[in-house]
Amino acid sequence: MQPIEFLEAHNLNYKSSGYKEIVIEYCHHCGDDTFHVYMDRELGLYHCKKCSSSGNLWTLKRLMGTVDLVTSVSEILSTQESAEAINENVVEQYISALMSNGHALNWLLNRGFTKETIRRFRLGLIEDGMTSWLAIPYYKDGLLVNIKHRLLPPHEKSFRLLPEHETPLFNIDNLNISTPVYVTEGELDAIMLVQQGYENAVSIPLGAGTFLTEHFDALVVCKRIYLCYDSDVEGKKGAISAAERLGPERCFYIKLPTKDINDFFLKHTKADFEAIIAESKTVGRSTVLSLSQVFHELDISRSSKAIGDDIRFPWQNVDKIVGALEPGWLIVLQAVPKIGKTTFCLNTCYSISETGKPCLLFCLEMNPIRLLERAISGVRGKRVKDLTDVDIMMAKAQMCKLPLYFGHTSDITPQKIYETIRYAVRRFGIRLVVFDHLHFLCRDVNHSTAEVGHVIRDLKLLFEELHVPGIVIAHPKKTDLHEVPGLYAARQSGEIAGDCDVLISLYRKPLGTDRVRDDDYVDDEIPTFEARTLVKTTASRFCAGGNAVLFLDGESMKFEES
């Protein structure tokens, strides 16, 4: 939605202020209602000149409650603890050590840095036995929050940060959202840009493949972003990933002829860099690609895939019949009620998040607390109703840092669902989305078939846009419980089989008979379905498919291979 459309849809008073800006009457940050909020009419970026708050349309949506916040496991478990403050005197000691060490100081001078720049950024030296580390202090709001260690030659380059401390963008205190910002992959690259006169330069602290939520929040309000990542495959992949989250229309890729910014300015001038800036292009994918462009993207995609980077089901036999879940895939999981579809997906998300890949389980039927209880049940091997305070404490220690997110809303409309999924993927870097479930969302009595068809198509397009695989849970038509749901079994639409990339059916045999027997009149808990579960790839565009067998442990809410 364009900014003016958004303001009018939410009845927010505004007026024009020149060709590029809009002035909004009310500030949702400070409550001022005298037209002090200035917004870019194309990008939706705003700044209140009364309280200095800034944001974009996503920020406004959150403040107005029009987008439900996605909840993480760590937020539910309340795990946020403040790390012990770092003594500023330590940095002073490191600075003195660097200035008195000719070898380390000359290494920086030979890399093109001046003594004035070295002092400005308070670079220092840590000597650890036979090794020397460059100390790069991180400041936020004027306070020392972390120190990066970079191993110096002759040893191979290596990095480390102080654990349990903040990891903001390097040089974040100098970030100016109203002017172009230059984002680098390393601190020394950002420092070199500042030395060359590009004051609005920051760097990500954890490498090209890591772009944290706080980095997103800091940069998403910027009007123009130049991504000055390293020129290797990982750098290109990281730049594309960051741009997809921040918005490709405002992100420009700086294509370097050298490995990184520091190397560039050892051989080139500021005028050369200005020429590269002038030729830079947005990172967004074109609608129409030539064959050579497709080959280029294929090369980047294949060469940048690290071992273990794929999104896969956690069971070997299921993985064998489905394979890696590729970006943009729509996987539909169908089964009659109470078979364990949500449990199957929760097990999948939990396992993937254990590898550090963020997952979102958006469930319309269960709130985040109930989902977390089920996850804890699996970790502790107990039924939910038997969990004790000790179980919660032990699970908290094990689960508190998992990048596992739960989505839930009482505003059950397709547009709200799409907005929240899009928001979660971009802000938190979600790698797998699970939506539970399709038929809870589609309840139009008169046009149910058309509604299901539209929603399943829109979800497929959404996952393609966001470049992530998505699993959508669906219910089949009323059928014989002794039959495995087939290709066209999904309720209210034949479009599902055609639009999805993979269709998976779960099946468990019902126990007992339809007749009431004396055995039914007992107080013991008797399961309705047997534990043995058939996982059938009913249809797939990209693999041969087949069957796999799992066993549901009803006590711990976990599917296992045996």
Can you pull out the residues in the stretch 111-128 that are under 27 Å from residue 83 (Cα atoms) and surrounded by fewer than 16 Cβ atoms within 10 Å (Cβ to Cβ)? 119, 120, 127, 128
Check whether at least one residue in the stretch 183-192 is under 27 Å from the mean Cα position of the chain (by Cα), farther than 16 Å from residue 262 by Cα and modelled with pLDDT under 95, and report yes or no. no
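Please go through the stretch 315-347 and pick out each residue that is farther than 21 Å from residue 462 by Cα and polar (S, T, N, Q). Give the derivation first.
Taking the stretch 315-347 as the starting set, the residues that turn out to be farther than 21 Å from residue 462 by Cα are 315-323, 335-344, 346-347.
Result: 316, 317, 342, 343, 347.
So which residues in the stretch 546-562 are assigned to a loop (DSSP other than H, G, I, E, B) and under 18 Å from residue 372 (Cβ atoms)? First the steps, then the outcome.
Restricting attention to the stretch 546-562, the residues satisfying the condition of being assigned to a loop (DSSP other than H, G, I, E, B) are 546, 554-557, 561-562.
Correct list: 555, 556, 557.
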If the Cβ limit is 7 Å and pairs must be 6+ apart or interchain, which residue in the stretch 530-552 that is assigned by TED's automatic domain parsing to the domain that holds residue 506 pairs with which residue that is of a type in the set (Asp, Glu) and in a strand (DSSP E or B)? 550/560; 551/560
If we keep only residues of the stretch 460-486 that are within 18 Å of the chain's Cα centre (by Cα) and in a loop (DSSP other than H, G, I, E, B), then the residue surrounded by the fewest Cβ atoms within 10 Å (Cβ to Cβ) is 467
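Output the residues belonging to the stretch 399-419 that are of a type in the set (Gly, Ala, Ser) and closer than 12 Å to residue 363 by Cβ.
The one that is of a type in the set (Gly, Ala, Ser) and closer than 12 Å to residue 363 by Cβ: 407.
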Is it true that residue 372 is more than 28 Å from residue 489 (Cβ to Cβ) and in the same structural domain as residue 507 (by TED's automatic domain parsing)? yes
Would you kindly identify the helices (runs of 4 or more DSSP H) lying entirely within the stretch 328-404 that contain at least 3 residues that are at pLDDT 95 or above? 341-354
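For residues in the stretch 216-232 being touching a residue at least 60 places away in the same chain (Cβ under 8 Å) and outside any helix (DSSP H, G or I), which is surrounded by the fewest Cβ atoms within 10 Å (Cβ to Cβ)?
Residues of the stretch 216-232 touching a residue at least 60 places away in the same chain (Cβ under 8 Å): 216-217, 220-223.
Filter once more, so that each one left must be outside any helix (DSSP H, G or I): 220-223.
Values: 220: 20, 221: 21, 222: 25, 223: 15.
Step by step, filter the stretch 216-232, then rank; the result is 223.
Being surrounded by 18 or more Cβ atoms within 10 Å (Cβ to Cβ) and in the same structural domain as residue 95 (by TED's automatic domain parsing) is true for just one of 141, 189. Which residue is that?
Numbers: 141 fails: surrounded by 18 or more Cβ atoms within 10 Å (Cβ to Cβ).
Of 141, 189, the one residue that is surrounded by 18 or more Cβ atoms within 10 Å (Cβ to Cβ) and in the same structural domain as residue 95 (by TED's automatic domain parsing) is 189.
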Filter result for residue 244 (among the charged types (D, E, K, R), part of a helix (DSSP H, G or I) and out of contact with any helix residue (DSSP H, G or I) (no Cβ under 9 Å at 6 or more places or on another chain)): no
Of 279, 274, 244, the only residue that is among the acidic types (Asp, Glu), farther than 20 Å from residue 174 by Cα and modelled with pLDDT under 90 is 244
Index of the failed condition, residue 271 passing every other in (1) assigned to a helix (DSSP H, G or I); (2) aliphatic (A, V, I, L, M); (3) touching a strand residue (DSSP E or B) at 6+ places or on another chain (Cβ under 7 Å): (3)
Which members of the stretch 96-132 meet the condition of being of a type in the set (A, V, I, L, M) and more than 37 Å from the chain's Cα centre (by Cα)? 97, 98, 99, 104, 105, 109, 130
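Mind checking whether some residue in the stretch 31-45 is aliphatic (A, V, I, L, M), surrounded by 16 or more Cβ atoms within 10 Å (Cβ to Cβ) and in contact with a Ser or Thr (Cβ under 6 Å, 6 or more places away or on another chain)? Don't jump to the end; show me each part of the working.
Residues of the stretch 31-45 that are aliphatic (A, V, I, L, M), as a first pass: 37, 39, 43, 45.
From what's left, surrounded by 16 or more Cβ atoms within 10 Å (Cβ to Cβ): 37, 39, 43, 45.
Going one step further and asking which of them are in contact with a Ser or Thr (Cβ under 6 Å, 6 or more places away or on another chain), we end up with none.
No: the stretch 31-45 contains no residue that is aliphatic (A, V, I, L, M), surrounded by 16 or more Cβ atoms within 10 Å (Cβ to Cβ) and in contact with a Ser or Thr (Cβ under 6 Å, 6 or more places away or on another chain).
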Considering only residues that are in contact with a helix residue (DSSP H, G or I) (Cβ under 8 Å, 6 or more places away or on another chain) and among the acidic types (Asp, Glu), which ones fall in the stretch 323-366? 365
Matching residues, the stretch 433-450, being charged (D, E, K, R) and surrounded by fewer than 19 Cβ atoms within 10 Å (Cβ to Cβ): 443, 444
Could you check, for the stretch 418-432, whether at least one of its residues is outside the structural domain of residue 57 (by TED's automatic domain parsing), buried (at least 19 other Cβ atoms within 10 Å of the Cβ) and free of Cβ contacts under 8 Å to residues at least 60 places away in the same chain? no
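Please work out if residue 10 is surrounded by 17 or more Cβ atoms within 10 Å (Cβ to Cβ), out of contact with any Phe, Trp or Tyr (no Cβ under 9 Å at 6 or more places or on another chain) and outside the structural domain of residue 218 (by TED's automatic domain parsing). Step through it out loud before you land on a result.
Details: surrounded by 17 or more Cβ atoms within 10 Å (Cβ to Cβ): no; out of contact with any Phe, Trp or Tyr (no Cβ under 9 Å at 6 or more places or on another chain): yes; outside the structural domain of residue 218 (by TED's automatic domain parsing): yes.
It is false that residue 10 is surrounded by 17 or more Cβ atoms within 10 Å (Cβ to Cβ), out of contact with any Phe, Trp or Tyr (no Cβ under 9 Å at 6 or more places or on another chain) and outside the structural domain of residue 218 (by TED's automatic domain parsing).
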If I filter the stretch 219-240 for residues that are closer than 22 Å to residue 280 by Cα, among the polar types (S, T, N, Q) and under 16 Å from the mean Cα position of the chain (by Cα), do I get at least one hit? no
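The values are calculated or read from the model by the stated rules, or taken from the named source; none is laboratory data. Values in this document were obtained by computation on a predicted structure and should not be read as measured data. Cβ: placed from backbone, ideal geometry, glycine included. Neighbour counts: every protein chain shown.
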